[in-house]
Structures are given as C-alpha cells and as structure tokens.
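Below is one structure, written out as structure tokens, with a few remarks after it.
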Amino acid sequence: MKGWILDIYPDIKKGKMVIWFRAKKHCYKIEVDYDSVFYMKSDKKGLRQAEKYYEKKDFRTERVRRITDLYSRKEEELLKVYPGKVFDPRDQLQAFKFFKGFKNKEFYNVDIPLDQRYLIEKEIKPMSILKKKRGWVDLEDERVIDYSKPDLRTIYLGVSTEEKKSKRRKESRMKALTIGDETLNEDEVSLLQRLNRKLKRKDPDVILTRGGDEFLVPYLAHRAELNEVGLKLGREAALHPSKEGSWYESYGRVVYRPPSYPLKGRIHIDMENSFLYKKGGLDGLIEASRLSRVPVQRLCRRSPGSLINAMEVKEALKNDYLIPWKKNLSEDFKSTIDLLKADRGGHILEPKVGVHEEVIKLDFASMYPSIIDKYNLSPETLGCTCGEDRKVPELDYPVCKKEEGIIPKVVKPLIRRRQKYKKLSKKNERFEKRADVLKWLLVTCFGYTGYKKARFNCIEVHESITAYAREIFLDTVDTAQKMDFEVLHGIVDSLWLKGEKDKIAPFIEEVGKNTRLELEEEGIYSWIAFLPRLSDGIGVPNRYYGILEDEIEMKGIAAVRADTPRFFKGLQKSLLEKMKDAETGSELTQMIEELLDIIRSRWIRLRSRDVEPNKLLFTKTASKRVDEYLTVNEIKSALYQYKEMSFRRKPGQTVTFLVTDSKSKDENEKVKVGLKELSSQDYDVEYYEDILFRISEEILIALGYDRNKIEKTVERSRT
Ligand SMILES: [Zn+2]
C-alpha cells in the first residue's frame with residue numbers, strides 16, 4: 001500500500017500509535033505497536049531500585065553504556081527501559097513516590113512527543129510518499145525539492161450566529177453555516193445535520209476555520225449536544241482532549257494563547273491561530289512537517305522557534321544522542337517578534353540624520369544562520385580541542401573542525417532549500433510559500449540558542465554568533481570605507497552606503513572573501529530620510545523613510561506601528577504618497593506647502609468632528625486583570641467596560657477603545673470601548689489634536705519642521 005501519513009498520535013489507553021494513512025483516494029486508520037523506550041541514570045543503588053520498580057510494571061530493563069547528552073563526551077552506565085507498548089513516559093509521577101522523589105535520578109528521551117519519535121525512529125516523514133508492507137519504507141529522500149504531495153481535499157468551515165461576531169458566545173443560536181463556498185440558512189438542527197452529511201460526502205482531509213480553536217469547534221460541539229445531534233467533524237466523532245487557553249509572559253509582555261481543538265483523522269487548521277499557515281499556507285506547513293517530523297495538525301499551532309527545537313531534537317536523535325528530561329521546558333516560546341527584538345549585540349552605526357540621495361542598500365542574506373553554518377557553532381562543537389587554531393573572536397572558544405554540530409546540521413538545509421525555492425518561486429507559487437516558511441524558521445534559530453527555556457540553549461553559542469556577527473559587520477564597514485564608500489547607516493546585517501555604483505560588485509566580492517558570507521544588493525533609494533529622536537536630535541537606528549526602487553519604504557514610524565489608530569496611519573501614508581513624487585532631496589523640500597496642506601485638511605476634519613470614530617480607535621494589549629491596575633488609565637477603563645458588558649478579557653488579549661476624555665479619572669468617561677455604539681461627538685478633540693501634530697512631526701522633522709512650527713503654520717493659515 002502506498003500513501004502519505006496525514007496525522008499520527010498516541011493512544012495511551014490502548015498502548016498503540018494511531019496513524020491516519022492517506023492512500024490515493026481514501027484515508028485509513030491504522031493502529032501500530034510501538035515500544036517507547038526511555039533511559040535512566042542513577043547511582044548503583046538507584047539503578048537496582050529502578051530495575052525492581054519497572055519489573056513489577058512488566059517493563060523490560062537492560063543496563064547499557066551510552067554518552068548521556070550533547071554536552072558530555074564520556075560514556076556512563078544507564079538503565080534502558082522497554083515498556084513494550086506506547087507509554088507516555090512523562091507519566092513518571094507514579095514513580096515519584098516509589099523513588100521518594102527523583103533525587104539522584106535523571107531521565108532521558110521521556111519528554112519528546114511520541115508522534116515525532118515514532119517517525120524519526122522508523123525513518124519516515126509525514127506527508128512523504130511511503131510504502132507499507134511489514135514495516136515502513138519512505139520512497140522520497142529528505143533532500144528532494146520537488147516532492148510529490150497528496151491531493152488533499154480542503155474545506156472551509158464558518159458560522160454566523162444571531163449575535164454579531166464580536167458579541168457571540170456559545171449560548172448564541174446558529175443562524176447560518178458556511179461549508180466551502182456555500183452558505184446555508186436554516187434552523188439549527190437541520191444545519192448540523194447538513195454539516196454531517198456534507199462532511200461525509202466530501203470527506204475532506206483538511207478543515208480550515210477562522211477562529212476554530214477559540215470559538216467554532218467548541219461552539220459546534222456545544223450546539224450539537226444541546227440539539228442532540230451526533231456531530232462528526234473528524235473522521236471519528238470524538239474530539240481530542242483539548243488544551244485550554246493560557247497566557248504566559250514573555251519579555252514583560254503578556255501573550256495569550258488560545259485553546260486548541262485538533263480533530264481525529266482530519267487536520268483542523270485555525271487560520272487565526274497559526275502563524276506558519278499565515279506565512280506559508282498548506283504548502284509551507286507540509287514543508288516544515290517533512291523537515292521536522294512534526295505532524296501538520298500539531299505543527300500548525302506551533303511557533304517557528306519551537307519547530308527549530310523539534311528539528312534539533314530530530315538531528316540529536318539521529319546522531320544517537322540522548323535527550324535529557326527538561327522539566328522547565330517551555331513550548332510557549334517567545335513570539336517571533338520578541339526574538340527579533342532580543343539583543344543582537346551592539347553592532348549598529350548611528351544613522352546620519354537628514355535626507356540623502358542615491359543611497360545603496362546592502363544586506364547579508366540570513367546572516368545569523370549563515371554564521372552558525374559557516375563557523376560550525378553548536379553546543380557540542382564549542383570547546384573541542386581539535387579547534388585550537390580556530391577560535392571565536394573576542395571570546396577565544398575553540399570550535400570543532402572535524403564534525404559538524406547539531407545546530408549547523410539543522411540550519412544548513414534550511415538555507416540551501418530556501419535559496420533553491422526562491423529561484424523557483426517565479427515558476428510556481430508553492431515554492432514561494434515554502435521559501436516563506438523557511439525564512440521564518442531561519443529568523444528564529446538564533447534567538448533560541450540564548451533562550452533558557454529552550455531545549456538546546458547554550459549561552460556560549462549565542463555569544464559566539466554575536467561575536468562573529470560583530471567582527472563581520474566591522475570588517476565590512478572597514479572594507480566599504482577603504483573602497484571609498486560613505487557609510488550612512490548600518491544595523492546588524494544591513495548597510496546604507498553612498499558611492500560609485502560600479503564599485504558595488506567588487507565590494508561584494510571582497511566582503512565574501514573576507515567573511516565567507518554573501519552580501520546582497522537590495523537596491524538604490526532615489527532619496528532616504530534618516531530620522532532623529534525628537535528629544536535630542538540624535539539619529540535613531542532603523543527609523544527612516546525613503547523611495548527604494550520606486551517603492552515607499554518606511555521603518556519605525558507610526559504608520560507601521562500596530563497600535564496607531566487608522567486615521568493617523570492614513571495621515572503619514574498620504575504624506576509619503578505625496579513625497580513619492582519628489583525625485584530628489586531639493587524637490588522634496590520644495591513640496592513643504594503641499595505637505596502642510598495635507599496636515600491642515602486632516603486637522604480641520606478632526607476639529608470639526610468629521611472623523612469616523614472607528615478610525616480613531618486604539619487597540620492595546622492588557623497585561624493585567626482590571627483590578628490589578630492601580631491607577632485609572634485607558635486600558636483599565638476599557639477592561640472595566642468590557643467586564644460591565646460581561647465580556648471576559650484575559651491578560652494578553654487586546655482591548656479596543658476610543659479616548660473620550662483623557663483627563664478624566666472615571667472608568668466610564670475616560671474611554672469608550674469599540675463594542676459600544678460610537679459617535680463622532682464622543683472623541684476628545686484636544687487629545688487627538690496633540691497626536692496629530694506629533695505624528696506629523698515624526699515625518700516633517702526631516703525637512704526641518706518640528707511640532708511647534710507645524711502647529712503654528714497650520715493654525716495661522718486657517719485664520
Ligand atoms: Zn573536534
């Protein structure tokens with residue numbers, strides 16, 4: 001039988017692995033045996049004690065000598081335990097009493113998801129074409145780029161309730177159901193029955209929802225139960241036990257993770273709860289699943305960083321390392337954005353404030369992963385004595401020259417595959433999607449080396465990467481200056497230069513020779529404005545706007561910040577749209593009156609209450625519960641009003657509000673939440689006026705107009 005593994009998960013009760021195997025047309029459920037072996041380390045007495053304990057449970061044990069983990073190099077005596085079935089070894093809490101705590105005992109290979117372990121040990125990939133005879137044979141090499149793919153049947157599922165979306169809850173009656181591109185309006189019972197029939201007839205492999213984890217799946221289950229309809233969303237009626245929603249703190253910011261509702265025999269992708277689906281679609285998920293051996297249904301809810309970790313686990317197991325039980329391991333990894341903000345070392349060259357013409361932008365392609373790859377940086381390669389003559393700059397750690405480390409092994413294929421997909425992406429969109437997912441995996445692989453709750457964190461590796469990056473950056477700036485370029489700004493892996501265009505190619509070649517990394521030309525700005533900090537006029541890294549190859553590029557300004565109300569984003573964008581007409585810096589200076597006119601007309605609209613209140617709404621993330629805020633600020637007031645309307649908002653979730661009286665100390669007067677009926681009579685004109693001038697200053701400061709000057713000019717010409 002030939003086909004693809006669609007989904008796989010353990011059935012602990014039965015002691016089997018469940019596999020949903022997708023053949024050419026149909027999908028079959030297969031249950032297979034799997035012995036989830038694990039290891040234990042202890043002193044002599046502890047090992048004897050454990051042998052007795054596991055024998056009583058009918059587990060076979062054996063003494064073996066193994067290298068215990070990535071960081072140690074000597075073999076030790078261990079107890080290898082064979083449960084003889086699928087056993088969740090995390091279920092060691094029972095043993096806790098017997099062993100009088102786990103003192104003197106270390107466990108290995110106990111906290112790796114069993115689906116992934118099974119796939120790695122059997123040397124097969126999910127979503128790869130397999131042959132099943134007595135055992136499994138994977139018919140496709142991992143390195144293949146243009147692999148076969150099952151013809152997955154995908155269906156979209158949506159619902160509308162009697163209450164509008166922002167107010168719906170599980171008590172709301174169902175009004176209509178969308179299945180694929182068809183929307184049905186009937187009474188609730190017939191809708192549920194129709195859904196069952198449709199799913200049976202179409203037999204989809206993938207169900208896509210918007211908010212299925214947060215609302216739709218538990219909602220449908222609830223409505224079906226209420227109406228006594230036996231709903232079958234998966235290929236089996238039962239749902240997996242769900243994980244409840246949770247919130248966790250990362251970098252001082254509270255992040256909410258919705259609950260998850262995977263289905264049995266069918267993949268449920270909640271498009272709103274899947275970062276990787278948003279970036280790479282189903283093609284991207286399949287690529288990541290094949291590379292990490294994490295099944296798509298579980299993978300789609302994970303962050304790119306936790307996949308990097310899964311890939312490291314895969315490489316470590318393939319290389320016969322054991323994986324120590326990490327009790328404080330967090331799968332709720334920092335969000336990708338936090339990782340990008342994480343300290344990347346101090347290699348920044350302050351920008352030269354003001355407007356510059358004909359500026360060249362150059363980038364190192366995937367700089368951090370390339371450093372890991374080219375310089376073989378990994379926990380087990382650092383400190384190896386064979387690398388005495390190859391030391392990390394500044395830090396002087398020797399690095400192994402003979403064997404490639406686990407992290408480079410993970411990173412290298414990601415870099416190579418992405419390059420190949422990028423070249424192919426013009427031919428076929430699915431290659432583009434795969435390249436996009438790989439990009440996000442590459443972006444996060446550096447941050448996790450320094451994250452203490454990650455499995456293979458190693459602060460020395462983290463430091464070594466930044467040390468190399470700093471050396472490469474400074475060396476490149478030096479080369480640029482030697483070749484008569486003026487360096488206007490530089491930040492980590494990007495450079496903004498002024499100089500002769502025909503010297504770019506020789507410069508790139510020289511840098512490649514010196515650093516072993518590839519520098520790429522991003523393009524040329526007809527002009528670019530680097531912006532200062534308003535308090536003291538010093539240049540701010542990565543805050544600028546300009547015209548790069550006929551496109552507006554903006555970084556770090558209000559128009560691209562998530563929490564800016566739409567009215568002000570619109571203001572900055574229309575200023576820049578106008579500025580796009582200027583081909584040179586002096587043309588830009590000449591258009592100041594027209595720019596002030598744009599600001600003036602928006603200001604007049606704001607003052608005469610002619611702005612739709614929806615466009616002035618702030619969306620902010622609550623970091624605490626309403627009663628935990630000590631002073632009455634905007635967020636507390638918003639939370640208070642949500643609560644009054646019986647809408648629960650947890651820390652990490654967002655609140656949306658209009659500022660109605662910014663000076664008020666009363667929760668009901670300070671703001672008005674977006675759920676309520678809003679009128680243009682509600683907003684606090686003075687408060688929003690102040691924002692308008694600040695937002696305008698951020699742009700016009702490059703032309704010598706600060707807030708005072710803007711305000712005066714705008715107001716004067718009105719009278
Ligand atoms: Zn070595």
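For the range 160-199, which positions are hydrophobic (A, V, I, L, M, F, W, C) and assigned to a helix (DSSP H, G or I)?
From the range 160-199, those hydrophobic (A, V, I, L, M, F, W, C) are 174, 176-177, 179, 184, 189, 191-192, 195, 199; that's our starting set.
Passing the criteria: 189, 191, 192, 195, 199.
Can you find, within the range 369-392, the residue that is surrounded by the most Cβ atoms within 10 Å (Cβ to Cβ) among those that are of a type outside the set (Gly, Ala, Ser), within 15 Å of the ligand (Cβ to nearest atom) and in contact (Cβ under 8 Å) with a residue 40 or more places away in the chain? Break it down stepwise before answering.
Within the range 369-392, the first condition is being of a type outside the set (Gly, Ala, Ser), and the residues that meet it are 369, 371-377, 379-382, 384-386, 388-392.
Filter once more, keeping what is within 15 Å of the ligand (Cβ to nearest atom): 375-377, 379-382, 384-386, 388-392.
From what is left, the residues that are in contact (Cβ under 8 Å) with a residue 40 or more places away in the chain are 375, 377, 379-380, 382, 392.
Working: 375: 22, 377: 30, 379: 20, 380: 22, 382: 22, 392: 21.
It comes out as 377.
With 209, 183 as the choices, which residue is out of contact with any Ser or Thr (no Cβ under 8 Å at 6 or more places or on another chain) and either buried (at least 16 other Cβ atoms within 10 Å of the Cβ) or at pLDDT below 90 (or both)? Break it down into steps so the answer makes sense when it comes.
Details: 183 fails: either buried (at least 16 other Cβ atoms within 10 Å of the Cβ) or at pLDDT below 90 (or both).
Residue meeting the stated conditions: 209.
For residue 293, only one of the following conditions fails: (1) of a type outside the set (A, V, I, L, M, F, W, C); (2) modelled with pLDDT of 85 or more; (3) within 15 Å of the chain's Cα centre (by Cα). What is its number?
Of the numbered conditions (1) of a type outside the set (A, V, I, L, M, F, W, C); (2) modelled with pLDDT of 85 or more; (3) within 15 Å of the chain's Cα centre (by Cα), the odd one out for residue 293 is (3).
Could you run through the range 144-167 and say how many residues are of a type in the set (A, V, I, L, M, F, W, C), out of contact with any Pro (no Cβ under 6 Å at 6 or more places or on another chain) and surrounded by 14 or more Cβ atoms within 10 Å (Cβ to Cβ)?
Step one: list which residues in the range 144-167 are of a type in the set (A, V, I, L, M, F, W, C), which gives 144-145, 152, 155, 157, 159.
Filter once more, so that each one left must be out of contact with any Pro (no Cβ under 6 Å at 6 or more places or on another chain): 144-145, 152, 157, 159.
Narrowing the set further to residues that are surrounded by 14 or more Cβ atoms within 10 Å (Cβ to Cβ) leaves 152, 157, 159.
Final tally of qualifying residues: 3.
Of the conditions (1) buried (at least 16 other Cβ atoms within 10 Å of the Cβ); (2) away from the ligand (no atom under 16 Å from the Cβ); (3) over 30 Å from residue 149 (Cα atoms), residue 395 clears all except one; give me its number.
Every condition holds for residue 395 apart from (1).
Conditions: (1) closer than 30 Å to residue 353 by Cα; (2) surrounded by fewer than 16 Cβ atoms within 10 Å (Cβ to Cβ); (3) free of Cβ contacts under 8 Å to residues at least 60 places away in the same chain. Residue 574 meets all but one. Number of the miss?
Here residue 574 meets the rest and fails (2).
I need the full set of residues from the range 93-110 which are surrounded by 19 or more Cβ atoms within 10 Å (Cβ to Cβ) and under 35 Å from the mean Cα position of the chain (by Cα), in order please.
Start the filter on the range 93-110 by keeping residues that are surrounded by 19 or more Cβ atoms within 10 Å (Cβ to Cβ), which leaves 105, 107-110.
Passing the criteria: 107, 108, 109, 110.
Go through the range 398-415 and give me each residue that's more than 14 Å from the ligand (Cβ to nearest atom) and aliphatic (A, V, I, L, M). Let's see the steps before the verdict.
Kept after step one, since they are more than 14 Å from the ligand (Cβ to nearest atom), are these residues of the range 398-415: 407, 409-415.
Those that are more than 14 Å from the ligand (Cβ to nearest atom) and aliphatic (A, V, I, L, M): 407, 410, 411, 414, 415.
Mind listing whichever residues of the range 121-159 are over 30 Å from residue 185 (Cβ atoms), part of a loop (DSSP other than H, G, I, E, B) and among the hydrophobic types (A, V, I, L, M, F, W, C)? Steps first, please.
In the first step, residues of the range 121-159 are kept if they are over 30 Å from residue 185 (Cβ atoms); the result is 121-151.
Still in the running and part of a loop (DSSP other than H, G, I, E, B): 122-129, 133-135, 139-151.
Within the range 121-159, 124, 127, 129, 139, 144, 145 meet the criteria.
Here are 25, 100: which of them is at positive phi and at pLDDT below 90? Break it down stepwise before answering.
Values: 25 fails: at positive phi.
Just a single option satisfies the conditions, and that option is 100.
Say whether the condition of being among the β-branched types (Val, Ile, Thr) and surrounded by 19 or more Cβ atoms within 10 Å (Cβ to Cβ) is met by at least one residue in the range 79-90.
So in the range 79-90, the residues among the β-branched types (Val, Ile, Thr) come out as 81, 86.
Right, trim to surrounded by 19 or more Cβ atoms within 10 Å (Cβ to Cβ) and you get 81, 86.
Yes, the range 79-90 contains at least one residue that is among the β-branched types (Val, Ile, Thr) and surrounded by 19 or more Cβ atoms within 10 Å (Cβ to Cβ).
Does residue 362 qualify as being among the aliphatic types (A, V, I, L, M), away from the ligand (no atom under 14 Å from the Cβ) and either surrounded by fewer than 21 Cβ atoms within 10 Å (Cβ to Cβ) or assigned to a helix (DSSP H, G or I) (or both)? Walk me through it before giving the result.
Values: among the aliphatic types (A, V, I, L, M): yes; away from the ligand (no atom under 14 Å from the Cβ): yes; either surrounded by fewer than 21 Cβ atoms within 10 Å (Cβ to Cβ) or assigned to a helix (DSSP H, G or I) (or both): no.
Taking the combined requirement at face value, the residue does not satisfy it.
Could you tell me which residue of the range 424-479 is modelled with the lowest pLDDT, considering only residues that are among the aromatic types (Phe, Trp, Tyr) and within 27 Å of residue 381 (Cβ to Cβ)?
Checking each candidate, the answer is 451.
The values are calculated or read from the model by the stated rules, or taken from the named source; none is laboratory data. Please read all numbers here as calculations on a predicted model, not as lab measurements. Cβ coordinates were reconstructed from backbone atoms using ideal geometry, including for glycine residues, and neighbour counts include every protein chain displayed.
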